[in-house]
1. Looking only at strands (runs of 3 or more DSSP E) that fall completely inside the range 202-284, which ones have 2 or more residues that are in contact with a strand residue (DSSP E or B) (Cβ under 6 Å, 6 or more places away or on another chain) and closer than 28 Å to Thr142 by Cβ?
2. In this structure, does Val77 turn out to be closer than 16 Å to Leu138 by Cβ and modelled with pLDDT of 95 or more?
3. Which of the following residues is out of contact with any Leu (no Cβ under 8 Å at 6 or more places or on another chain), in contact (Cβ under 8 Å) with a residue 24 or more places away in the chain and farther than 30 Å from Ser61 by Cα: Val99, Val183, Val163, Val103?
4. Among the residues of the range 162-181, how many are surrounded by fewer than 16 Cβ atoms within 10 Å (Cβ to Cβ) and either of a type in the set (S, T, N, Q) or part of a loop (DSSP other than H, G, I, E, B) (or both)?
5. Read through the list (1) over 20 Å from Gly180 (Cα atoms); (2) within 20 Å of the chain's Cα centre (by Cα), then give the number of the only condition that Asn231 fails.
6. Answer yes or no: is there a residue in the range 108-115 that is assigned to a loop (DSSP other than H, G, I, E, B), at positive phi, crowded, with 18+ Cβ neighbours inside 10 Å and touching a strand residue (DSSP E or B) at 6+ places or on another chain (Cβ under 8 Å).
7. So Phe119 ticks every box in (1) assigned to a loop (DSSP other than H, G, I, E, B); (2) at pLDDT 95 or above; (3) surrounded by 15 or more Cβ atoms within 10 Å (Cβ to Cβ) but one. Which box is left unticked?
8. Is it true that some residue in the range 20-28 is closer than 18 Å to Arg129 by Cα, at pLDDT 95 or above, of a type in the set (A, V, I, L, M) and not in a loop (DSSP other than H, G, I, E, B)?
Amino acid sequence: MIDLICGARPNFMKVDPIIRSLSEEVRLVHTGQHYDYAMSGSFFDQLGLPKPDINLGAGSSTITVQTADIMKAYEPVFVQGKPDAVVVVGDVNSTLACVLTAVRYGTPTVHVEAGLRSFDRTMPEEINRLLTDQISDLLLITSSEARENLLREGRPDDAIVMVGNPMIDTLFRLLPEAEGIQVPGEKFGLVTLHRPGNVDNRELLGSILDSFGALAPLKLVFPAHPRTLKNIRNWDLQNRVPSNLEMVKPMEYLSFIRHQQEAEVVITDSGGVQEETSVMGVPCVTVRPNTERPVTCTAGTNVLCPDPLEIPEAVRIQIQKRPDTPPVIPMWDGKAGARIALEIERILK
């Protein structure tokens, strides 16, 4: 039996093609890191994921407390189930917490999406990535630079396997189902911002909102994270929300990918969105000084823009540079799940 761990919204799109491809018995463990329906439950419904076998119910807290809570909740589940391997995806707190637990018991561990590096240790996700990759047995990567990062950090080459991007498997599978979903009739841009560096800094968040106003008359649709809305209210930034910015509730997955597909441009700080826009050929502006997914800049449609004052010009340039056909990124072909399953089953033999 394999324990497959998920806990936060980005994980769900990555575990889906793995579950569909594995012939081994899988126990799906949901840590509960994202704990409301819009952030978690609806994704299971739309992806067609099976109901989790176990929900650890971690809920929200500080990074340290949440990671510890997940470890404490997972250990008895792990001991009772005695899985043959533990598979984790991505870089969220659940990823590190569960791989730490498994390693303590000498159980083989697999990290899907290994080797991504922003080289910014102020990001909680970067610490999760570094630690998870140092203690995982099998490192499954999405792009060639991930191998270089892992080798530089001393991981053996025979532990690293290029498999492609499972998130793109899910995107390709469900885009046809999203075709009938309504989007704005006029041209629009899509906004997603959630990283603490952008939304937990009053001055920076205010400047970002100002930059959106400079993009008028282009309408911007912003499915805002609850924390972002709370900060705008608490910091009295409502008067800096421009008239061309429509703030809406978090979108379900099908609605979100449909909006991405039809947008003139996507402004984001999300890693997964950088990947999805690249394979769809949609211009992307990432409001960060770095990215752990540089292939989206070198081979995709993404550009980094850390200065809010430069967002309007970056958006205009990206829209002008929109490719006629979507870029082709090696092994981002909708078949990553099958490759991942093959590698997982190989280490169990």
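The values are calculated or read from the model by the stated rules, or taken from the named source; none is laboratory data. Predicted, not measured: the structure shown is a model, and the values here were computed from it. Counting neighbours? That spans all protein chains shown, and the Cβs are built from the backbone with ideal geometry, glycine included.
1. Values: elements: 219-223, 245-248, 265-268.
The qualifying strands (runs of 3 or more DSSP E) are 219-223, 265-268.
2. Working: closer than 16 Å to Leu138 by Cβ: no; modelled with pLDDT of 95 or more: yes.
In short, no.
3. Details: Val99 fails: farther than 30 Å from Ser61 by Cα; Val163 fails: out of contact with any Leu (no Cβ under 8 Å at 6 or more places or on another chain); Val103 fails: farther than 30 Å from Ser61 by Cα.
After ruling out the rest, the residue left standing is Val183.
4. Counting residues in the range 162-181 that are surrounded by fewer than 16 Cβ atoms within 10 Å (Cβ to Cβ) and either of a type in the set (S, T, N, Q) or part of a loop (DSSP other than H, G, I, E, B) (or both) gives 2.
5. Single failed check for Asn231: (2).
6. If we filter the range 108-115 for residues that are assigned to a loop (DSSP other than H, G, I, E, B), which is where we start, we get 108, 113-115.
From what's left, at positive phi: 113, 115.
With crowded, with 18+ Cβ neighbours inside 10 Å added as a condition, the list becomes 113, 115.
Next cut, touching a strand residue (DSSP E or B) at 6+ places or on another chain (Cβ under 8 Å) only: 113, 115.
Yes, the range 108-115 has at least one match.
7. Of (1) assigned to a loop (DSSP other than H, G, I, E, B); (2) at pLDDT 95 or above; (3) surrounded by 15 or more Cβ atoms within 10 Å (Cβ to Cβ), only one is false for Phe119: (3).
8. First, the residues of the range 20-28 that are closer than 18 Å to Arg129 by Cα: none.
Looking for residues that are closer than 18 Å to Arg129 by Cα, at pLDDT 95 or above, of a type in the set (A, V, I, L, M) and not in a loop (DSSP other than H, G, I, E, B), one finds none in the range 20-28, hence no.
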